[in-house]
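Note sheet for the following structure.
The values are calculated or read from the model by the stated rules, or taken from the named source; none is laboratory data. As the structure is a prediction and not an experimental result, all values here were calculated from the model. Please note that ligands, DNA and RNA were not included when accessible areas were found on the heavy atoms of the full protein model with its side chains. Shrake-Rupley method; radii C 1.70, N 1.55, O 1.52, S 1.80 Å.
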Amino acid sequence: MVKHSDELERLVLRVPAARGRADLEMLQQLMRGVRRTEAQIETSAGRGPFARLVAVVRGRAHKERVSADRALVFNQVQVARHLDRLSTQALRVDAEVARIAGHLRRTDMILNAVERRGLENARLIAELGESLAGLAEFIGDLHSRMEREWGELSGALGVLERRVEGLEAADAADFHLRTAVRRWRSGQTYTGLPWTCQVLLLAEEVFRGPCGMYEFLTGDVRRYRDELADMLLAEPAKAWTQRRPLAEVLDAVAQDLGDGEPRLLVAEILGAGLLPELDGPRGPLTAALRVRLSPQDGPPPRSDGWMPGRLDGRGFVRQAVDEQADHALRARRDACPFPGRR
């Protein structure tokens, strides 16, 4: 019996699915034993008195009773063994359940720890979000303040830059004006030309250079115009004092120049032969003189501004200087690519 039980256990270990079928087979055999015992008891109880007496005399009843007792004992032993196996299996099941319960408790502890950690992380994330929001607000305020300060600094730098440009331009203009006038007074420039032409060409030279750049950069259009006019009028012997018609003044200039190369030179310096888009509008005095000196040059140049019909020497000088300075300033503004400088 022990040997067959060991074989059954080895079978169950090798094929765990056979456990249920083995239990059912043992239960089936137990039920069969019980039924045989019941049948024997019923058979014994169902005999008549004579059959029982004869069986007693012959010893049959004693044998049947012993057989029934043995069968009953055997079935009880089988029941006890089966119950023992069921108890052992129940203990194993309880151990497994306890082990699973331990795993579940550890899992629950881990889940609780994870939940606590999650809540802590959520709190830390919320605090981090508040800190980041405060930092973003601080950075925004700092950026706005820096933009304002940079705007103020840029404005101050712009003012300083324009002031430095003005100082540099004034220094260059002072040097150039004094040099141009000194060379003119010493007879190094414009020799052989009428005094009226010398005035026009000297004004053209001065305001094509640093004096004109000073006016363009600073917007101060009177400083060097008045200074040049005063220098030209410092020799009153060369400027007429009576008011003369413009036509008379132009005729005198044309007569003094003659028909040679000086006449053409003066006319071209005043813009004769240039395309209108390269020369631009001229003042009325310059335009009238250019037409008088070079009538074959085509249509008269564009002219803007106003001048009186009669001029004395002082008026001629100031008109000539203003026209040459205005022409140079307009040319610089038209050529400048920066709208803020125009």
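3J(HN,Hα) along the stretch 121-127, derived from phi through the Karplus expression 6.51 cos²θ - 1.76 cosθ + 1.60 where θ = phi - 60°, amounts to 5, 4, 5, 5, 5, 4, 4 Hz, with x in place of Gly and Pro. As a fraction of the 1.4 Å probe accessible area of the stretch 222-271, surface on carbon and sulfur atoms comes out at 52 percent.
The length gained by stretching the chain between R223 and A252 to full extension, at 0.36 nm per residue less their Cα-Cα distance, is 7.4 nm.
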